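The values are calculated or read from the model by the stated rules, or taken from the named source; none is laboratory data. In this text, all values refer to a predicted model and were calculated from it rather than measured experimentally. Counting neighbours? That spans all protein chains shown, and the Cβs are built from the backbone with ideal geometry, glycine included. The accessibility values were calculated without ligands, DNA or RNA, using every heavy atom of the protein model including side chains. Shrake-Rupley method; radii C 1.70, N 1.55, O 1.52, S 1.80 Å.
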Amino acid sequence: MSADPISSAPLRRTPLYDLHVAAGAKMVPFAGYDMPVQYPLGVLKEHLWTREKAGLFDVSHMGICWLRGPDHATAARALEALLPADIVNLKPGQQRYSQLLADNGGILDDLMITRPEGAENDGALLIVVNAGCKDADYAHIAANLPAGVRLEVDDAHALIALQGPRAVNVLSKLVPGVETMSFMTGRFAALDGQHIHLTRSGYTGEDGYEIAVPNAHVAKVWDLLTATPDVEAIGLGARDSLRLEAGLCLYGHDIDTTTSPIEARLQWSIQKRRRDEGGFPGADRIKAELANGPIRRRVGIKPEGRAPAREGTEIQDMSGKPIGTITSGGFGPSVNGPVAMGYVESAHAELGTKIQLVVRGKPLPATIANMPFAPHRYVR
Amino acid sequence: MAIEKFSKDHEWIRIDGDIATIGITVHAQDQLGDVVFVEVPEVGRKVAAEEAVAVVESVKAASDVYSPVTGEVIESNGDLASTPGLVNEDAEGKAWFFKVRLAKPAELDALMDRAGYDAFVAAS
């Protein structure tokens, strides 16, 4: 996700807008959409509810698109020219996280790619991108496709995410069989008579699903899910604190065109074949950073005491020399204390390094900490 | 009965003799959401009217709390550091932030009464 660009254009609404307002949500502008930042439960309780039970998120502002080519290898190679993940060797039903890269290796956006199951879908790739970047992403992808491969924007589906340890129990009652899916896989299914696509993935560090539902039916599905005692609607506020505790990057904050995937510690998302073969934008820089280490790295930061250190906070070494900046920071409800992430010069990136954060003009002690702050509970 | 005043920055002020007790309003805590951190001024600090002297942070953001009056801080509410959630539970009662000995009582005249504040909130 990315910050809302300043714009006078009217805010767009997702197909669930009326339900959010009726539920008493506080609506805020986000990436050009009028989105629920919290419901009457409040950010803190929404966060804890998701970790304990199941939270339902409207993420329909995100962009869904399809890449369609004559066969998988052709479509996969077309996408591989724009990002560093191995798409050619994705198995049917498998999902992968990657980043669209600029020629200098900076990150244009991060995205999820699923190779749909079924012989009839050979040559198709399902892509989900950030709301704030989607128009630029579509233009960038479309402008760089070879003949025979095309981009198809999907405006017909809304996207909702059911996240938390009870998500599997809740969803398997409506969509039998989803309990057998493993993390980062997708499939087509029927929900209340509707053709849907779902993946076992999310943005909270919890087990859960992201579900694409036809626009006209998503309100019914939302009502079905929220009618379950284990499910509460969750706003963008808790979505942000959940992903921060999970150590996941927020585009426009923790990653952007000035950061490379290696600086951002996303090297796990660049498979060996791509590292060896290259052939993606910024490959020279990324290979060099893999070999020699980047000049700065994204790190987890645990402030001592209770004061949160927010985005933009200067990071200093213990002598007071500036060594970096916090890119996401706040209060972690499950950690029950402040948590942050940011970039520091690589010499200061080792776990346990003592640092200080300049909050309201005063240096506050903090430590370079392991991420995630709240353990991932993916079902693999 | 203490005199009650309100500022446009959503602080409440309760005056008892020359002592003003200051906190943030129920409306302010509702706008902030779940409060997770509070920093109050040190006892003995000289504060000027409209000076940022305390901090209240919700899950979402940090906000300054201003002293509506000039004077010296004679007491701060230490309970707020360990239980910041008090601000959500009892903003205009147990969750007072600090007390100031008034140096310029005439400053109170510029502040709103309850009805004036309610109208100010309704119009904003």
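Brief remarks follow.
- For the condition among the polar types (S, T, N, Q), open to solvent by 10 Å² or more (accessible area, probe 1.4 Å) and modelled with pLDDT of 95 or more, B:Thr70 qualifies.
- Members of the stretch A:324-336 that are β-branched (Val, Ile, Thr) and under 15 Å from A:Val359 (Cα atoms): A:Thr325, A:Ile326, A:Thr327
- Some residue of the stretch A:208-227 being among the small types (Gly, Ala, Ser) and open to solvent by less than 10 Å² (accessible area, probe 1.4 Å): yes
- Residue in the stretch A:191-199 that is assigned to a loop (DSSP other than H, G, I, E, B), open to solvent by 60 Å² or more (accessible area, probe 1.4 Å) and small (Gly, Ala, Ser) present: yes
- A:Leu79 meets all of the listed conditions (1) in a helix (DSSP H, G or I); (2) surrounded by fewer than 19 Cβ atoms within 10 Å (Cβ to Cβ); (3) in contact (Cβ under 8 Å) with a residue 12 or more places away in the chain but one, namely (2).
- Odd one out for A:Asp240 among (1) open to solvent by less than 50 Å² (accessible area, probe 1.4 Å); (2) closer than 23 Å to A:Val335 by Cβ: (1)
- Every condition in (1) out of contact with any Cys (no Cβ under 9 Å at 6 or more places or on another chain); (2) more than 14 Å from chain B (Cβ to nearest Cβ); (3) of a type outside the set (Val, Ile, Thr); (4) assigned to a loop (DSSP other than H, G, I, E, B) is met by A:Ala264 except one, and the failing one is (1).
- Residue within the stretch B:31-41 that is among the aromatic types (Phe, Trp, Tyr), within 14 Å of chain A (Cβ to nearest Cβ) and either over 14 Å from the mean Cα position of the chain (by Cα) or under 30 Å from A:Ala25 (Cβ atoms) (or both) present: yes
- Odd one out for A:Ser201, checked against (1) in contact with a Lys or Arg (Cβ under 8 Å, 6 or more places away or on another chain); (2) closer than 21 Å to A:Pro176 by Cβ; (3) not aliphatic (A, V, I, L, M): (1)
- Residues of the stretch A:324-347 classified as in contact with a helix residue (DSSP H, G or I) (Cβ under 8 Å, 6 or more places away or on another chain) and either facing chain B (nearest Cβ under 10 Å) or surrounded by fewer than 22 Cβ atoms within 10 Å (Cβ to Cβ) (or both), total: 6
- Taken over the stretch A:35-57, residues that are open to solvent by less than 10 Å² (accessible area, probe 1.4 Å) and among the charged types (D, E, K, R) amount to 1.
- Hey, A:Pro308 buried (at least 17 other Cβ atoms within 10 Å of the Cβ), more than 14 Å from chain B (Cβ to nearest Cβ), in contact (Cβ under 8 Å) with a residue 12 or more places away in the chain and in a loop (DSSP other than H, G, I, E, B) or not: no
- Residue count, the stretch A:348-358 (criterion: within 14 Å of chain B (Cβ to nearest Cβ) and part of a loop (DSSP other than H, G, I, E, B)): 0
- Applying the condition of being within 18 Å of the chain's Cα centre (by Cα) and open to solvent by less than 40 Å² (accessible area, probe 1.4 Å) to the stretch A:172-190 and asking which residue is nearest to A:Arg239 (Cα to Cα) yields A:Met184.
- Evaluation of B:Ser58 against the conditions (1) surrounded by 22 or more Cβ atoms within 10 Å (Cβ to Cβ); (2) within 14 Å of the chain's Cα centre (by Cα); (3) within 12 Å of another protein chain (Cβ to nearest Cβ) shows that the sole unmet condition is (2).
- For the stretch A:15-34, the set of residues classified as open to solvent by 30 Å² or more (accessible area, probe 1.4 Å), in a loop (DSSP other than H, G, I, E, B) and within 14 Å of chain B (Cβ to nearest Cβ) consists of A:Gly24 only.
- Every test in (1) closer than 23 Å to A:Ala131 by Cα; (2) open to solvent by less than 10 Å² (accessible area, probe 1.4 Å) is passed by A:Leu250 save one, and that test is (2).
- Put simply, of B:Gly23, B:Gly44 the only residue that is away from chain A (no Cβ under 14 Å) and at positive phi is B:Gly44.
- Per-region count, the stretch A:359-375, residues within 14 Å of chain B (Cβ to nearest Cβ) and either out of contact with any Leu (no Cβ under 8 Å at 6 or more places or on another chain) or in a loop (DSSP other than H, G, I, E, B) (or both): 4
- Subset of the stretch A:229-263 [farther than 16 Å from A:Gly342 by Cβ and acidic (Asp, Glu)]: A:Asp230, A:Glu232
- Counting only strands (runs of 3 or more DSSP E) that fall entirely inside the stretch B:20-124 and contain at least 2 residues that are under 30 Å from A:Tyr39 (Cα atoms), the qualifying elements are B:35-39, B:51-58, B:62-67.
- Among the residues of the stretch A:166-200, those that are of a type in the set (A, V, I, L, M) and either within 12 Å of A:Val221 (Cβ to Cβ) or in contact with a strand residue (DSSP E or B) (Cβ under 6 Å, 6 or more places away or on another chain) (or both) comprise A:Ala167, A:Val170, A:Leu171, A:Leu174, A:Val175, A:Met184, A:Ala189, A:Ala190, A:Leu191, A:Ile196, A:Leu198.
- The stretch A:292-305, subset open to solvent by 70 Å² or more (accessible area, probe 1.4 Å) and away from every other protein chain (no Cβ under 14 Å), residue nearest to the chain's Cα centre (by Cα): A:Ile295
- Test: B:Gly85 is touching a residue at least 40 places away in the same chain (Cβ under 8 Å), open to solvent by less than 30 Å² (accessible area, probe 1.4 Å), closer than 24 Å to A:Gly305 by Cβ and more than 15 Å from the chain's Cα centre (by Cα): yes
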